[in-house]
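Working notes, structure below.
The values are calculated or read from the model by the stated rules, or taken from the named source; none is laboratory data. Everything numeric here is computed off the predicted structure, so don't read it as measured data. Heads up, the Cβs are rebuilt from the backbone with ideal geometry, glycines too, and the neighbour counts pull from every protein chain shown. Ligands, DNA and RNA are stripped out before the accessible areas are found, and what is left, the full protein with its side chains, is counted by its heavy atoms. Shrake-Rupley method; radii C 1.70, N 1.55, O 1.52, S 1.80 Å.
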Amino acid sequence: MKKLLLLGSLFCSILSFSQEIETKIDTTKVRIGEPVRLTYSVDYKNGDKIQFQNLTDTLSYHLEILDQKFDTVLDGEQKKIIHQIDLTSFDQGEFLVRSIPVEINGEKFKTKSFQIEVQDVEIDTASTTIQPIKPVMDETYTFKDYWRKYWIYGVSFLVLFIIALVLIVL
């Protein structure tokens, strides 16, 4: 009886399709401004409804999103959707990349969270001199620049001038 129950549970576990979100990050220590690639993939079957969270330009207060890419990989019967996010930070410190929710067939799953250490860039001020900030420079405008900006006034003046000439002659 125990063997039959064990075989039955093993058979059910083989037939069931469990959703897993595989999450990885390329590095956990970067300098200020260097990109970090966060990649997570979702296994799916035909007919599955997968909904990703809409990410805008920031993931948190200190982490900015540089680029996002979605890719679909078909490997035989296995199908995956891969979401790659390039992140960066311009603040020094340790920051948490929080888990990102993914909804699969109405069931909510979350990616793993990661800790990223952003290191400051050391500047050797003894060997290099720091130059003062340059003042704001004026830009000279050409006729072409003014025409692009005020062309509608030139065209309307020309039309009014032609109408005035026609009215004067008649």
Only one of GLN92, GLN68 is modelled with pLDDT of 90 or more and open to solvent by 100 Å² or more (accessible area, probe 1.4 Å), namely GLN92
From the option list ILE123, ILE116, single residue qualifying as under 18 Å from THR39 (Cβ atoms) and either part of a loop (DSSP other than H, G, I, E, B) or open to solvent by less than 70 Å² (accessible area, probe 1.4 Å) (or both) is ILE116
So, first residue part of a helix (DSSP H, G or I) in segment 151-165, second residue hydroxyl-bearing (Ser, Thr, Tyr) and open to solvent by less than 90 Å² (accessible area, probe 1.4 Å), Cβ within less than 6 Å, six or more apart or across chains; the pairs are none
The condition from (1) surrounded by 10 or more Cβ atoms within 10 Å (Cβ to Cβ); (2) within 37 Å of the chain's Cα centre (by Cα) that VAL136 misses is numbered (1)
Worksheet entry | Yes/no for LYS79 being under 23 Å from LYS45 (Cα atoms) and either in a loop (DSSP other than H, G, I, E, B) or in contact with a Pro (Cβ under 7 Å, 6 or more places away or on another chain) (or both) | no
Exception for GLU107 within (1) in contact (Cβ under 8 Å) with a residue 24 or more places away in the chain; (2) surrounded by 10 or more Cβ atoms within 10 Å (Cβ to Cβ); (3) acidic (Asp, Glu) falls at (2)
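So that you can scan it fast, the table gives a plain yes or no per residue for (1) under 29 Å from TYR61 (Cα atoms); (2) among the β-branched types (Val, Ile, Thr):
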{"residue": "ILE100", "(1), (2)": "yes, yes"}
{"residue": "LYS110", "(1), (2)": "yes, no"}
{"residue": "SER113", "(1), (2)": "yes, no"}
{"residue": "GLN119", "(1), (2)": "yes, no"}
{"residue": "THR128", "(1), (2)": "no, yes"}
{"residue": "ILE133", "(1), (2)": "yes, yes"}
{"residue": "THR142", "(1), (2)": "no, yes"}
{"residue": "TYR150", "(1), (2)": "no, no"}
{"residue": "LEU158", "(1), (2)": "no, no"}
Considering segment 17-65, residues that are charged (D, E, K, R) and at pLDDT below 85, and then whichever is surrounded by the most Cβ atoms within 10 Å (Cβ to Cβ), we arrive at ASP48
